[in-house]
Amino acid sequence: MNHSRGIFPDGYKAGYVPRDIFAGLIVALVSIPISMGYAQIAGLPMIYGLYGSLFPILVFGLLTTSRDFVFGVDAAPAALTGGLIASLGIASGSDDAVRTVPIITLCVSLWLLAFFVLKAGRAVKYISTPVMGGFITGICIEIILIQVPKLMGGTAGTGEVFELLAHIWEQRTSYNLMSAVLGAATVAVILIVRKLAPKIPMSVIMMAAGALLTVFTGITDYGVKLLPEVPSGLPLPTFYTVDPDILPDIFIGSMTIALVIMSETLLASRQNAINDGYDLDSRREVLAYTGANLVSGIFGCCPVNASVSRTSIVRQFGGRSQLMSIAASVFMALILLFGTGFIAYLPVPVLTGIVVAALLTACEFHLAGRLLKTSPKDFLIFIAAMAGVLIFGTVYGVLIGVILSFIAVIIKAVTPPRSYMGIITGRDGFYSLKRNKNAVPVEGALIYRFGGNIFFANIDTFVSDIEAGIKDDTKIVIVYGSGIGSIDITAADRIKALRDKLEDRGIRFFMTEHDGVVNDELIKFGAGDLVHKGNVRLTVDTAMRAAGIHEPYTPESVDREETVADNPGKRLSESLLMAGHNAEIEWAYGKNAEKVKMQLVLGFIAELTRGGEISTTEDIVSLERRSAWGRLSYTDEDEILMRIEDLITEHPDSDLLKGIDVQRLSVLIEQRRAIISERLNGQPRENNV
């Protein structure tokens, strides 16, 4: 892995400097509408959003080990801060809010410093992606609901989802048609152009378009509100006082904000680092977050964290280093000194539309769709975390998501991977019967693999699986325990009882391949005679030998005709079955193997159609090398060729075979399958073509 230390990472070139400076300019311009909107959400006047995009981003750029992440005023901490001051009974935008929010930010920096000292960044790995995705999506939706009335000329709401929906309905008499048109058009244009041409900074363009509308069309005559004027100049350090009675609530509430800043930023920046192939120093990152928030609090601003949306813009424009952050800070200073006059020309619905578009982009709906398809349990965790934020608030949303994550972990521990195992003739070792179609059980033996620690919650599954797998001729049960690292007292008692029950039936019982610590635990928990009587063995082979079964093991007889009838895809040449070569596609894809095999068959035929005639068996091998999988095992190659043969026999006039000399291809396939058979009979290792 490469490293990223300092402003310029390893391998940085002088030619990247213009890109970084330009990316910094874009970040500064985009930060104007977004940061001002988020500052309002945090309870501050809009100008503080620009202040939060000046010194904090500079400090972060100097301290971080991330190459391209952008720091500043953003959705999650702004929403949490706004929620915290609301819970304290402080009105958004009031003098009390201006005094209180920086205190919250300073407390956040203290929590982050504590996280740095305690190396708490490592705890982020315990926050699952569904929890964080649902949490962020819930916050974004809540802020959107807060902002919806402003899109249409009303005032922002407060509270949770039901209160916000009620406020949207109550504000209907204040809505302005022109404001609604401007707001909706801003959101639609930004989202559409972002989809079609993501490199175009539409937030900046829409901001400029709104100012031009104000100057040339007189939209204020139609009831459209404008942003207030803001003073020019750089911010100065400010010292604030706060009511000591609410300081404990501020300190406790700020911990949640600090946790969100650390976890959200670390997760996102670490993913970028992995994608770009360099190491991220998690501990130094937390120090960078601490410094940025300390500076933000000193200059009166709200808590700051990573901006995923602005980081994606930097990546689109080719930013390669934190010179980008330094440039963005310089450009923001110039804007504060010389460019604040235009802010008073910005229509409120346009600015609100820019913020809503950014929030919609930040929602993790794509993650929800992915989880729905791949992991329904994680999808439910995502929805629960999102709903928790919307219904009960941010803190409860996190708690609900974390609790559900732990429940999901417990469920996975209760049902670990497990399978019955067998042998493949001609090969050493033991293989899953479920994932290797050439594997067959050993005659008289049940070999059972359990892929997790055994404890009170899954011992019933362990025992039930073994009892269900026993046949009339079973003489020995062997637990293949390479995944077992520990047991508890309940499991120890049940395993001992299972051993006794099996031996009463004349069936030997062994545990093998497990960590030696398990033997210590068996002794400690009162099941030591499993060790003393030799029911634990180092390997499956030694357990077999202890039971009087020696290599070569006798495979259980398999009805080949029944196998073919059940699944034509399992028909293989006898030489392949006897040689015991692995069916890799079955092993790799499991239940999806049939689909993959058909894709390979169709891909093979498509290559034949594109490549013209083939004249030798070497041409078949050459086509195989060009497939998505590459060279196949002999077992898989024989099956794929057999399927093509079946297609030629059953559907010689198929459109798939147009332009192919099927008679010639049939001859070559037979020749190639004969070569495969010869190779297997004469040389078990696959080092020949």
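The values are calculated or read from the model by the stated rules, or taken from the named source; none is laboratory data. Keep in mind that what you see is a predicted model, and the values were worked out from it rather than measured. Glycine also receives a Cβ, built like all others from the backbone with ideal geometry; neighbour counts cover every protein chain displayed.
Among the residues of the range 53-63, is there at least one that is assigned to a loop (DSSP other than H, G, I, E, B) and either over 25 Å from Ala273 (Cβ atoms) or not aromatic (Phe, Trp, Tyr) (or both)? Within the range 53-63, one or more residues are assigned to a loop (DSSP other than H, G, I, E, B) and either over 25 Å from Ala273 (Cβ atoms) or not aromatic (Phe, Trp, Tyr) (or both).
Condition first: at pLDDT below 70 and either surrounded by fewer than 12 Cβ atoms within 10 Å (Cβ to Cβ) or closer than 19 Å to Arg643 by Cα (or both). Now tell me which residues in the range 603-613 satisfy that.
Those that are at pLDDT below 70 and either surrounded by fewer than 12 Cβ atoms within 10 Å (Cβ to Cβ) or closer than 19 Å to Arg643 by Cα (or both): Thr609, Arg610, Gly612, Glu613.
Quick check: anything in the range 339-350 in a helix (DSSP H, G or I) and in contact with a Lys or Arg (Cβ under 9 Å, 6 or more places away or on another chain)? Yes, there is a match, as at least one residue in the range 339-350 is in a helix (DSSP H, G or I) and in contact with a Lys or Arg (Cβ under 9 Å, 6 or more places away or on another chain). Can you confirm whether Ser128 is of a type in the set (Gly, Ala, Ser) and surrounded by fewer than 24 Cβ atoms within 10 Å (Cβ to Cβ)? In short, yes.
Hey, any hits in the range 405-412 for a residue that's over 25 Å from Val161 (Cβ atoms) and polar (S, T, N, Q)? No, there is no match, as no residue in the range 405-412 is over 25 Å from Val161 (Cβ atoms) and polar (S, T, N, Q).
Residues checked against (1) buried (at least 18 other Cβ atoms within 10 Å of the Cβ); (2) under 22 Å from Phe55 (Cα atoms); (3) touching a Gly at 6+ places or on another chain (Cβ under 9 Å):
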| residue | (1), (2), (3) |
| --- | --- |
| Leu234 | no, yes, no |
| Pro237 | no, yes, yes |
| Ile257 | yes, yes, no |
| Glu285 | yes, yes, yes |
| Asn305 | yes, yes, yes |
| Arg310 | yes, yes, yes |
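Results for (1) surrounded by 24 or more Cβ atoms within 10 Å (Cβ to Cβ); (2) at pLDDT 90 or above; (3) not aliphatic (A, V, I, L, M), shown as yes or no for each residue.
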{"residue": "Pro56", "(1), (2), (3)": "yes, yes, yes"}
{"residue": "Gly61", "(1), (2), (3)": "yes, yes, yes"}
{"residue": "Leu80", "(1), (2), (3)": "yes, no, no"}
{"residue": "Ala91", "(1), (2), (3)": "no, no, no"}
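Is there a residue being assigned by TED's automatic domain parsing to the domain that holds Asp95 and touching an Asp or Glu at 6+ places or on another chain (Cβ under 9 Å) anywhere in the range 329-336? Checking the range 329-336: not a single residue is assigned by TED's automatic domain parsing to the domain that holds Asp95 and touching an Asp or Glu at 6+ places or on another chain (Cβ under 9 Å). Within the range 440-475, which residues are in contact with a Pro (Cβ under 7 Å, 6 or more places away or on another chain) and small (Gly, Ala, Ser)? Residues satisfying the conditions are Gly451, Gly452. I'm trying to understand the selection: among the residues of the range 405-430, which are surrounded by 15 or more Cβ atoms within 10 Å (Cβ to Cβ) and within 26 Å of Ala491 (Cβ to Cβ)? Scanning the range 405-430 gives Ser405, Ala408, Val414, Pro416, Arg418, Ser419, Tyr420, Met421, Gly422, Phe430. Considering (1) in contact (Cβ under 8 Å) with a residue 60 or more places away in the chain; (2) out of contact with any Gly (no Cβ under 8 Å at 6 or more places or on another chain); (3) more than 20 Å from Tyr553 (Cβ to Cβ), say which one Gly483 fails and leave the rest. Single failed check for Gly483: (2). Residue pairs whose Cβ atoms lie under 8 Å apart, sitting 6 or more positions apart in sequence or on different chains, and linking a residue in the range 84-103 that is in a loop (DSSP other than H, G, I, E, B) to a partner that is β-branched (Val, Ile, Thr) and at pLDDT below 85, are Ser92/Thr158. Only residues that are among the charged types (D, E, K, R), in a helix (DSSP H, G or I) and either under 14 Å from Asp68 (Cα atoms) or out of contact with any Leu (no Cβ under 8 Å at 6 or more places or on another chain) (or both) were counted in the range 280-329, giving 4. Scanning the range 250-269 finds one or more residues that are in contact (Cβ under 8 Å) with a residue 12 or more places away in the chain and over 30 Å from the mean Cα position of the chain (by Cα).
Under the condition of being buried (at least 22 other Cβ atoms within 10 Å of the Cβ), out of contact with any Phe, Trp or Tyr (no Cβ under 6 Å at 6 or more places or on another chain) and of a type outside the set (A, V, I, L, M, F, W, C), the residues counted in the range 312-358 number 8.
When Leu29, Leu50 are checked against the criterion of being surrounded by fewer than 24 Cβ atoms within 10 Å (Cβ to Cβ) and part of a helix (DSSP H, G or I), Leu29 stands alone in meeting it.
Among the residues of the range 157-179, some residue qualifies, meaning at least one is modelled with pLDDT of 85 or more, in contact with a helix residue (DSSP H, G or I) (Cβ under 9 Å, 6 or more places away or on another chain), within 30 Å of Met202 (Cβ to Cβ) and part of a loop (DSSP other than H, G, I, E, B).
Here is a list: Ile447, Ile476, Ile495, Ile424. Which entry is at pLDDT 95 or above and in contact with a Phe, Trp or Tyr (Cβ under 6 Å, 6 or more places away or on another chain)?
Ile447
The sole residue among Ile274, Ile326 that is free of Cβ contacts under 8 Å to residues at least 60 places away in the same chain and on the phi < 0 side of the Ramachandran plot is Ile274.
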